[in-house]
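The values are calculated or read from the model by the stated rules, or taken from the named source; none is laboratory data. Here the structure is a predicted model, which means the values were calculated and not measured. Cβ sites come from the backbone with ideal geometry, for glycine too, and all protein chains shown count toward neighbours.
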Amino acid sequence: MKQKPLYSIVGLLMLLLAGCADKKSSSVFVPIDHERTGLHFSNKLQPTPAFNLFSYMYYYNGAGVGAGDFNNDGLTDLFFAANQQNNTLYLNTGNLQFKDVTKAARIPADGAWSTGVSVVDINNDGLLDIYVCRVGQYKTLKGKNQLLVCKGIGTDKIPVYEDQAAAYGLDFSGFSTQAAFLDYDADGDLDMFLLNHSVNHDGNYAPRENFINTYDSLAGQRLYRNDQRTGKDGKPETWFTNITKEAGINGSKIGY
C-alpha cells in the first residue's frame, strides 16, 4: 500500500512526457512560389555614389502595396509600388494566380520613387481608385503624388486608370510617405491625411524648437478637406483643400 504514491508519480511523469512528445505543427501561413502565383514583382534597388542610404536615410523603407477588387469580380487584386521601377497592377484570376495588366490598365510608367499606396473610391462610383505617395524635389527624385482614378472596366475585365491628382488638388510634390482617407469632419465624404517625412537631419545638430513650429512646404503632415466647388464648366467638382494650418497641424520638417 505504501508504494501507491510512487506509482502515481511515475504515471504522472509518463503522461507529462507523452504530452511533450514532438507533434507535427500545422502552419497558419504557407509560402507560395512566384512561379505558381505569377507575382514576379521585385522592388530591386541599385544604389549609386550620388544616391544611396547615406544620402537618403529612407532608402530601404520599401514602396508599399495595395489590395482591393479593382475589377469588381469578387477577387482581391494587388497593386505593387516601386522605388526605382514602374508600379505594377496584378489582377487575381482565381486559385491564387495573378496576371500583370499594368500596361493594359494604363498605369503610368515614369519610374518615380513611390513610397506608399492607398486604395479608395474617391468619387463614389463603385470603382476602386489608387493614391500613390512619391518623393519629389529632392536630389534626382522629381515625382508628384498620383491619384489613379478608374475610368471604367473593359470587356476584358481590365480596369483603366488615369492620373487625376491635379484635378483633385492632391498632386503634392515633396517627401510623402503614406496617405489615409477618412471623414474627419463627419460630413459624409472622405478627406485625406498625408504623412510626410524629413530628408534633412536638422534635429541632429540644432534644437527642435528651431523647426517644430515652422511650416515646411515639402515635409510635415498635411490635412486635406474634401470640398465641393464650381469647375470651369460651371458644374460642381470635388476639390481637396489644404487646411493643415487651420486644423492646428504645424507641418514642420521634423514632423516625424
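Taking every residue in region 220-247 that is surrounded by fewer than 11 Cβ atoms within 10 Å (Cβ to Cβ) and pairing it with any residue that is assigned to a strand (DSSP E or B) and of a type in the set (Lys, Arg), at least 6 positions away or on another chain, the pairs with Cβ-Cβ distances below 9 Å are Pro236/Arg229; Glu246/Arg225. In region 137-150, the residue that is nearest to Ser217 (Cα to Cα) out of those that are at pLDDT below 95 and not basic (Lys, Arg) is Gln137. The one condition from (1) out of contact with any Cys (no Cβ under 7 Å at 6 or more places or on another chain); (2) outside any loop (DSSP other than H, G, I, E, B); (3) modelled with pLDDT of 95 or more that Ala179 does not meet is (1).
All conditions but one from (1) part of a loop (DSSP other than H, G, I, E, B); (2) in contact with a strand residue (DSSP E or B) (Cβ under 9 Å, 6 or more places away or on another chain) apply to Asp156; the one that does not is (2). Of the strands (runs of 3 or more DSSP E) lying entirely inside region 44-130, those containing at least 2 residues that are in contact (Cβ under 8 Å) with a residue 12 or more places away in the chain and hydrophobic (A, V, I, L, M, F, W, C) span 65-68, 77-80, 88-94, 114-120.
Scanning region 187-209 for residues that are in a loop (DSSP other than H, G, I, E, B) and either at pLDDT 95 or above or charged (D, E, K, R) (or both), we see that the one that is nearest to Gly66 (Cα to Cα) is Leu190. What about Gly64, is it surrounded by 18 or more Cβ atoms within 10 Å (Cβ to Cβ) and at positive phi? Yes: the conditions hold for Gly64. Being touching a Cys at 6+ places or on another chain (Cβ under 7 Å) and aromatic (Phe, Trp, Tyr), is that true of even one residue in region 128-137? No; the residues of region 128-137 include none that is touching a Cys at 6+ places or on another chain (Cβ under 7 Å) and aromatic (Phe, Trp, Tyr).
Inspect region 230-251 for any residue being of a type in the set (Ser, Thr, Tyr), at pLDDT below 85, closer than 30 Å to Ser55 by Cα and not in a strand (DSSP E or B) and give the result as yes or no. Scanning region 230-251 turns up no residue that is of a type in the set (Ser, Thr, Tyr), at pLDDT below 85, closer than 30 Å to Ser55 by Cα and not in a strand (DSSP E or B). For the residues Asp77, Asp110, the requirement of being modelled with pLDDT under 95 and among the acidic types (Asp, Glu) singles out Asp110. Of all residue pairs spaced 6 or more apart or on separate chains, none has beta-carbon atoms under 6 Å together with a first member in region 15-42 that is in a loop (DSSP other than H, G, I, E, B) and among the aromatic types (Phe, Trp, Tyr) and a second member that is modelled with pLDDT of 75 or more and loosely packed, with under 10 Cβ neighbours inside 10 Å. Looking across region 159-176, not a single residue is aliphatic (A, V, I, L, M), in a loop (DSSP other than H, G, I, E, B) and over 17 Å from the mean Cα position of the chain (by Cα).
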